[in-house]
Each structure stands twice: as C-alpha cells, then as structure tokens.
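Novice: Got a structure for you, questions after.
Readers should treat all values here as calculations from the given coordinates under stated rules, not as data from a laboratory. Not measured: the values here are computed from a predicted model. Ideal geometry is used to build each Cβ from the backbone, glycine not excepted, and the neighbour counts take in all protein chains shown.
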Amino acid sequence: MTNFKNCIRQVQQLNLLCKMINFLRGFLLILLFLSFGKLISAYLPIPFPASIIGLILLFIALSTSLVKVEWITMSGNFILKYMALLFIPIGVGLLNYFDLIISHWLVIVFSLLFTTLFIMFLVGHFYQYLNKKEES
C-alpha cells in the first residue's frame with residue numbers, strides 16, 4: 001500500500017512539474033515575441049508600440065503554426081486573469097493630470113465616442129466584406 005501511495009505522489013509531482021514547464025515555456029514565448037517587438041520598434045523610423053509589434057508577430061506565428069496555441073494557453077490565461085492589476089499604475093498616474101483632464105473633458109469624451117463608433121463601423125464593414133467573399 002505504501003508503494004502505491006509513493007507511486008501516486010510521484011505521478012502528482014511529475015504532473016506539477018509538467019504544468020510548471022508548460023507555464024514557463026508559454027511565458028518565455030510571450031516574452032520572446034515582446035523582445036522581438038522591442039527590437040523592431042527600436043529600428044523603426046517612427047515611434048510604434050513594441051507590445052503591438054510583438055502581438056502581431058505572435059499572431060503571425062500562431063496563424064502559421066510556428067507556435068502552437070497549447071504552448072501559450074496557460075500563461076496567457078494567467079496574464080489575462082491578473083491584467084486589471086497592470087492598469088492600476090496607469091490609473092494612479094492619471095490623477096497627476098486631473099486638472100488637465102477636467103479642462104479638456106469634452107474633447108476626451110468626443111474622441112472616445114468617435115473612435116469607438118468608427119472602429120465598430122470599420123470592423124462591421126470588414127466582417128461583411130470577408131463574409132461576402134466566403135459565400136462567393
């Protein structure tokens with residue numbers, strides 16, 4: 001009976017080790033694509049967010065099956081789960097510019113509404129275009 005319990009304990013430890021390796025692999029892949037994005041962003045003649053470039057590169061790698069979705073699922077879910085914590089410093093930093101935000105609130109609200117509606121319009125038309133193309 002003791003031998004059986006030891007065997008179960010070893011299987012559980014191996015399972016935990018596999019999960020840790022999968023998590024680490026996904027996290028390192030995400031960091032690798034972020035690093036590539038930073039490298040590309042440093043050489044671009046215009047300022048462009050490195051994180052966006054990294055996400056585009058990761059999307060291309062996922063689309064072409066260079067990276068399997070299973071490799072980054074666990075790490076991606078973990079990052080998404082705690083993403084709200086990453087926005088707290090930005091929110092606190094906005095308090096430094098509270099007077100500026102109050103003085104230009106109308107422009108800020110208008111730009112937020114306009115860009116949201118504009119993006120919804122573009123996505124809708126792009127979806128209809130792609131859907132029409134598939135039916136043909």
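Novice: What number comes out for the charge environment of Met74, summing +1 per Lys or Arg and -1 per Asp or Glu over other residues with Cβ under 15 Å away?
Specialist: For residues surrounding Met74, the net value is +3.
Novice: Which three semi-axes in whole Å describe the equivalent ellipsoid of the chain, each the square root of 5 times a Cα gyration tensor eigenvalue, listed largest first?
Specialist: 40, 25, 18
Novice: Find which of Leu112, Phe36, Gln128 sits farthest along the positive direction of the dipole of the chain, computed with +1 on the beta-carbon of Lys and Arg, -1 on that of Asp and Glu, about the Cα centre.
Specialist: Phe36
Novice: Measure nothing fancy, just the Cα-based angle from helix 105-135's long axis to the longest principal axis of the chain, in degrees from 0 to 90, nearest 10.
Specialist: The helix 105-135 is inclined about 60 degrees to the chain.
Novice: What is the count of Lys pairs in the chain whose alpha carbons sit under 28 Å apart, if the two are 8 or more places apart or on different chains?
Specialist: Going through the chain pair by pair, I get 7.
Novice: Averaging sequence separations of C-alpha pairs under 8 Å and six or more residues apart, then dividing by the length of the chain, give the relative contact order as a whole percent.
Specialist: It rounds to 20 percent for the chain.
Novice: Working from Cα positions, state the angle (0 to 90°, nearest 10) between the long axis of helix 50-63 and the longest principal axis of the chain.
Specialist: 60
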